[in-house]
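Asks: Dumping the structure here so I can ask a few things about it.
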Amino acid sequence: MREIHVKEVTAVVRDLCIRANTHLGEDVLEALRKAIDQEDSPTGKDVLAKLLENARIAREDSIPICQDTGFAVVFMELGQEVSLTGGSLKDAINEGVRQGYQEGYLRKSTCHPFTRTNTGDNTPAIIHLDVVTGDSLRLIVAPKGGGSENMSRVTMLTPAVGIQGVKDFVIQRVRDSGANPCPPTIVGVGIGGTFETSALLAKKALLRPLGSRNGDPELATLERELHEEINGLGIGPQGLGGRITSLAVHVNMMECHIASLPVGVNIQCHAARHKEVVL
Amino acid sequence: MNDVIRLTPPLNDADVASLKIGDRVAFTGAIYTGRDAAHKRLVELIGAGKSFPFDIPGQIIYYVGPSPARFGRPIGAAGPTTSYRMDSYAPQLIRLGLKGMIGKGARNQEVKEAMVEFNAVYFVAIGGAGALMAQAIKKAEVVAYEDLGPEAIRRLEVVEFPVIVVNDVRGNDLYEEGVKKYAR
């Protein structure tokens, strides 16, 4: 067994929270640059250029890309040969979030659902754990903003509607979201599994680098077709009309129950923030 | 694109009536922030017949919950939040003379009708450009509800704060027109 002290986890989560919120990924920057060339609307081009300018200011001045610095979503791939020492892993992650959001001047955005009282330190984190082979620990911090998350949905389709039914649901979701999730968006689609798995598949699809395609040719085609259709809706950058409504569509799929066809759509704004470290 | 129209709040009916959808406007002067929680309290003041923490007539409310300011800076990132969450409160403030709202995303029919009836305009700022928008904000002070943290009402002093007119007093909607123009 390889030992990893949970203090290391705290330090890594802290740094990832800050870095994810101030440094937009090169894949997103590249997608925005390409989008400027592809956009027909002058206002749309201007918006896209301003988003690139915004990312530069955030990076250089260590200011968040967006004031909504998100719910701290932490994905962990824990090698089964790792032994975590020094205390509770969950507490260590939450401490990392607490330190990162305080020391990084990030907005605290978690509250009680009814009283709306803010927890004050952006905890608790949402923690997703996968146990994998090996002796390393992969930590991904993906802060998720509320505006785009609010536009996300899960549905349980009737199997008879098939792939066309899935497409119709995704397109309608993007159409109904309009300008709300700060387009250009990234659309994560999870097909199959159970009710909750479809949402998680959709969220994990958002972590894939922009410009990549699903390795399954059928799903790669589905991604391309959905993307073309979405960018024909006319919503455009910030919903002000234009061609580039989404920068990418990413699909994940797994088996489902013989009675079901679950579909999750997780909408992500252009501030597609996620950073990772492997310990 | 048209030239930028420069305005200083408070706005009067003539300022507002001259604006049309798609106009690019730059504000210099004072605007007020407010999100869901602050709106809830403001509207409760109306019900209780109490006075407001700032004079509503002619003013502009910016839907924003900024991130904390680093030492020596007036504010953190400060882009717009989604406006529909304020739809159930906005008509009551428009009726009292609020002239402008800055946010992102479409408004409901009740808000659009109130804007036409009482001469108010809905502007949008670029969502997700919080670092960029913050550069136009020179000063920020909490004027009410400090306990709400990022949701407190702040008075912002802005210089050349850039917005676009999405709903004008004639009932036009740039979101609807934009989609019509570019849909295939």
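Quick note: the coordinates plus some simple rules give every number you see, no bench work behind them. What you see is a predicted model, and the numbers here were worked out from it, not measured in a lab. Backbone-built Cβ (ideal geometry, glycine too); neighbour counts: all protein chains shown.
Asks: Looking at chain A, what % of its DSSP beta bridges pair antiparallel, to the nearest 5? Intermediate values should be presented prior to the final figure.
Replies: On the way: 24 of 43 bridges.
About 55 percent, rounded to the nearest 5.
Asks: Also, I was wondering about something else. Against the globular-protein guess of 2.2 N^0.38 Å, express the Cα radius of gyration of region A:146-272 as a ratio, rounded to two decimals.
Replies: Working: Rg = 13.3 Å, N = 127, 2.2 N^0.38 = 13.9 Å.
Relative to the 2.2 N^0.38 Å estimate, region A:146-272 comes out at 0.96.
Asks: While we're looking at this one, here's another question. What average count of beta carbons from other chains do you get within 10 Å of the Cβ of residues in A:267-274?
Replies: Details: counts 0, 0, 2, 3, 5, 0, 0, 0.
Counting Cβ atoms of other protein chains within 10 Å of each residue's Cβ and averaging gives 1.
Asks: Excluding B:Ala140 itself, what net charge comes from residues whose Cβ is under 12 Å from its Cβ, given Lys and Arg +1 and Asp and Glu -1? Walk me through the numbers before you get to the answer.
Replies: Working: positive: B:Arg73, B:Lys138, B:Lys139, B:Arg154, B:Arg155; negative: B:Glu141, B:Glu157.
Result for the local shell: +3.
Asks: Separate question: Please provide three numbers in whole Å: the alpha-carbon extents of region B:136-178 along the principal axes, with the largest listed first.
Replies: The Cα atoms of region B:136-178 stretch 39, 23, 17 Å along the principal axes, largest first.
Asks: Label A:Arg224 and A:Lys7 with points 7 Å out from Cα along Cα→Cβ: what is the distance between them in nm?
Replies: 5.3
Asks: Once the Cβ-Cβ distance between A:Val154 and A:Arg56 is put in as r, and R0 is 22 Å, what FRET efficiency do you end up with, to the nearest 0.05? Numbers along the way, then the final one.
Replies: Values: r = 36 Å, r/R0 = 1.64.
E between A:Val154 and A:Arg56, to the nearest 0.05, is 0.05.
Asks: At 20 °C and 1.002 mPa s, what whole-number value in µm²/s does Stokes-Einstein give for the translational diffusion of region B:1-126, with Rh from the Kirkwood sum over Cα pairs?
Replies: It comes out at roughly 141 µm²/s.
Asks: Which of A:Gly165, A:Leu200, A:Ala271 sits closest to the plus end of the dipole of region A:146-272, meaning its Cα is farthest towards the positive end, when Lys and Arg get +1 and Asp and Glu get -1 on the C-beta?
Replies: Among A:Gly165, A:Leu200, A:Ala271, the one farthest towards the positive end of the dipole of region A:146-272 is A:Ala271.
Asks: Moving to a separate point now. Of the listed peptides A:47-55, B:112-120, what is their order by residue-averaged count of other C-beta atoms within 10 Å, with the highest listed first? Kindly include the intermediate steps, with their values, before the conclusion.
Replies: Details: A:47-55: 23.0, B:112-120: 18.9.
Ranking, from highest mean packing down: A:47-55, B:112-120.
Asks: Next question. In whole Å, how far is the Cα centre of region A:148-202 from that of region A:242-279?
Replies: For region A:148-202 versus region A:242-279, the Cα centre distance is 8 Å.
Asks: State the answer as a single residue: which of A:Asn54, B:Tyr182, A:Cys182 lies farthest towards the positive end of the charge dipole of the protein assembly as shown, with beta carbon charges of +1 for Lys and Arg and -1 for Asp and Glu, about the Cα centre.
Replies: After comparing all options, I get A:Asn54.
Asks: Here's a follow-up. Give me the dipole magnitude in Debye, nearest 20, for the protein assembly as shown about the Cα centre, with unit charges on the beta carbon: positive for Lys and Arg, negative for Asp and Glu. Working shown, then result.
Replies: Numbers: 52 positive and 55 negative charges, 134 e Å.
Taking the Cα centre of the protein assembly as shown as origin, the dipole is about 640 debye.
Asks: Can you tell me the dipole magnitude for region A:146-272 around its Cα centre, using point charges on the Cβ only (Lys, Arg +1; Asp, Glu -1), in Debye to the nearest 20? List each step's numbers first, then the result.
Replies: Details: 10 positive and 11 negative charges, 54 e Å.
Magnitude of the dipole: close to 260 debye.
Asks: Return the lysines within reach of B:Lys104: Cα separation strictly under 20 angstrom, same-chain partners fewer than 8 residues apart disregarded; answer none if there are no such residues.
Replies: A:Lys45, A:Lys50, A:Lys144, B:Lys20, B:Lys40, B:Lys112, B:Lys180, B:Lys181
Asks: Label-point separation (nm) for A:Thr119 and B:Ala48, each offset 7 Å from Cα along Cα-to-Cβ?
Replies: In this crude label model, A:Thr119 to B:Ala48 measures out at 3.0 nm.
Asks: How crowded by other chains is B:120-128, given as the mean number of beta carbons from other chains within 10 Å of each beta carbon? Walk me through the intermediate numbers first.
Replies: Details: counts 0, 0, 0, 0, 4, 1, 11, 18, 22.
The per-residue average across the peptide is 6.
Asks: If you take each beta carbon of peptide B:73-82 and count the beta carbons of other chains within 10 angstrom, what is the mean? Can you show the working numbers first?
Replies: Numbers: counts 3, 0, 2, 7, 16, 4, 9, 4, 6, 11.
The mean count of partner-chain Cβ atoms within 10 Å per residue comes to 6.
Asks: Work out how far the C-alpha atoms of the protein assembly as shown reach from end to end along every principal axis, then list the three figures in whole Å, largest first.
Replies: Ordered largest first, the protein assembly as shown gives principal extents of 72, 50, 41 Å.
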